[in-house]
1. Keeping all protein chains in place and using 1.4 angstrom, which order do Arg12, Arg258, Arg128 fall into by accessible surface area, from largest down?
2. What does the accessible area per residue of region 177-295 come to in Å², with a 1.4 Å probe and no ligands, DNA or RNA counted?
3. Report the accessible area of Thr60, computed with a 1.4 Å probe over the heavy atoms of all protein chains in place, in Å² rounded to the nearest 10.
4. How compact and how long is region 204-259, expressed as Rg and Dmax of its alpha-carbon atoms in Å?
5. For labels at Gln7 and Thr297 in the simple 7 Å Cα→Cβ model, what's the distance in nm?
6. So, R0 is 22 Å and r is the distance between the beta-carbons of Val58 and Asp80; what FRET efficiency does that work out to, to 0.05?
7. Looking at the square roots a ≥ b ≥ c of the eigenvalues of the Cα gyration tensor of region 10-100, which shape do they give, rounded for a/c under 1.5, prolate if a/b is larger than b/c, or oblate?
8. Is the C-alpha gyration tensor of region 5-56 telling us rounded, prolate or oblate? Criteria: a/c under 1.5 is rounded; beyond that, a/b larger than b/c is prolate, otherwise oblate.
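The values are calculated or read from the model by the stated rules, or taken from the named source; none is laboratory data. Predicted model, so just to flag it, every value in this text is computed and none were measured. Here the Cβ is made from the backbone with ideal geometry for all residues, glycine too, and neighbour counts use every protein chain on show. When the accessible area is computed, the model is the full protein with side chains, heavy atoms only, and any ligands, DNA or RNA have been set aside. Shrake-Rupley method; radii C 1.70, N 1.55, O 1.52, S 1.80 Å.
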Amino acid sequence: MSDSTNQKKEVRVWIDGCYDMVHFGHANALRQAKALGDKLIVGIHNDAEITKHKGPPVFTQEERYKMIKGIKWVDEVVEDAPYVTTLETLNNYNCDFCVHGDDITTTVDGFDTYHLVKEAKRYKEISRTQGVSTTDLVGRMLLMTRNHFQKGDSEYSVGKDEPSKLGQDHAARSPWTGCSQFLPTTQKINQFSDGKPPEPGDKIVYVAGAFDLFHIGHLDFLEKAKSFGDFLIVGLHTDNVVNQYKGGNYPIMNLHERVLSVLACKYVNEVVIGAPYEVTKDLMEHFKVDVVCHGKTKISDQHGDPYEVPKQMGKFKVVDSEFEKRNNKKEAKEVAIFEAMQRTTKVAEKCG
């Protein structure tokens with residue numbers, strides 16, 4: 001028998017979606033889909049398709065494409081994927097079957113977007129991740145509650161008596177629906193984690209922060225930080241610490257949720273859950289850190305410089321991401337326009 005006969009056929013899995021405001025629920029769906037085959041191909045709808053069927057997305061198609069490319073279980077990304085999944089699409093990308101969660105997705109006309117692949121028996125269903133949705137996250141931002149990071153007896157409480165409690169599972173229909181909080185488990189963390197220690201001789205990079213609502217800026221930063229070494233460790237601050245230096249409703253996502261969001265990033269090797277705000281010498285020695293990176297965002301000096309030790313050790317680097325550059329340029333443009341409008345108004349008042 002020839003070697004080619006003995007070789008197992010590569011199973012290619014197709015999954016598609018909008019992937020707007022990418023969160024750990026999206027990442028978990030991709031993880032489950034990848035487990036059903038050898039290669040995972042992710043189709044992402046463009047802005048026009050999403051606007052037609054659901055309304056305009058929060059993030060642009062370019063941002064959504066890059067976010068999904070940054071998730072560790074993704075092998076290929078297909079841009080401008082059709083909203084209705086067809087057999088032609090599966091065949092074009094040599095995919096054996098299509099995967100989707102156990103929630104219903106319909107077109108603007110009310111048709112099941114997966115009816116064609118279902119009829120052809122080329123469809124498999126996975127469990128939707130309970131405890132998170134894009135609607136819920138938007139609701140948290142709009143309502144400005146702090147229920148999502150309650151601690152103690154109230155941490156996983158079910159609240160249906162106040163309109164400020166947020167819907168957080170597959171049964172939720174609006175941000176005002178009360179239902180149970182996301183429940184973290186060690187199994188879920190293990191599923192997201194590589195579980196591999198650094199190799200001898202690896203250069204260890206450490207970064208720390210909130211990494212709330214994991215977005216394209218975080219992805220750019222972590223990609224740059226990883227380029228300074230071989231093994232990237234991300235320290236995640238507790239909810240209380242983040243709230244102290246950010247204030248208001250922050251963090252929007254609680255520590256458990258932020259851990260999974262960061263672990264899903266392909267540049268991240270390890271996460272420190274509840275990392276200290278100050279990067280101490282003990283922490284540096286414990287993890288054998290060679291370099292500490294931080295973005296160009298302003299560091300809160302309320303409790304002193306948290307990076308004083310790595311700076312003194314000559315192991316501190318400032319990372320400038322493309323996302324921050326773009327935002328700074330955009331902000332400067334907006335300020336210039338505002339100032340020009342003010343000058344025009346003053347001239348008009350004088351002339352009037």
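1. Arg128, Arg12, Arg258
2. For region 177-295, the solvent-accessible area averages 41 Å² per residue.
3. 60
4. 11.9, 36
5. Label at Gln7, label at Thr297, 4.6 nm between them.
6. Efficiency, from the Cβ-Cβ distance: 0.75.
7. oblate
8. Note, shape of region 5-56 comes out oblate.
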